[in-house]
1. Mind listing whichever residues of the range 19-62 are open to solvent by 100 Å² or more (accessible area, probe 1.4 Å) and of a type in the set (D, E)?
2. For the structure I just gave you, tell me whether R14 is open to solvent by 90 Å² or more (accessible area, probe 1.4 Å) and modelled with pLDDT under 95.
Amino acid sequence: MSNETVAEREKLTRDQRKARDAERRQDAVRAMREHELAQEAIYDNMKRLRAERLAREAQAKK
């Protein structure tokens, strides 16, 4: 093992930093989209279950 510090090993060039930052932005956009899709699925399922429950309750009142 050499005497390099972590900071010395991880020094990035300007282009490497730009590429890393661009990749991180893409990852963040992808993660947000996945989260939004998951939230939409949850909301759609809640709407479906609510409609089913209301239909059962209406049927029970008859």
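1. Scanning the range 19-62 gives E23, E34.
2. It is true that R14 is open to solvent by 90 Å² or more (accessible area, probe 1.4 Å) and modelled with pLDDT under 95.
The values are calculated or read from the model by the stated rules, or taken from the named source; none is laboratory data. Here the structure is a predicted model, which is why all the values come from computation and not from measurement. The accessibility values were calculated without ligands, DNA or RNA, using every heavy atom of the protein model including side chains. Shrake-Rupley method; radii C 1.70, N 1.55, O 1.52, S 1.80 Å.
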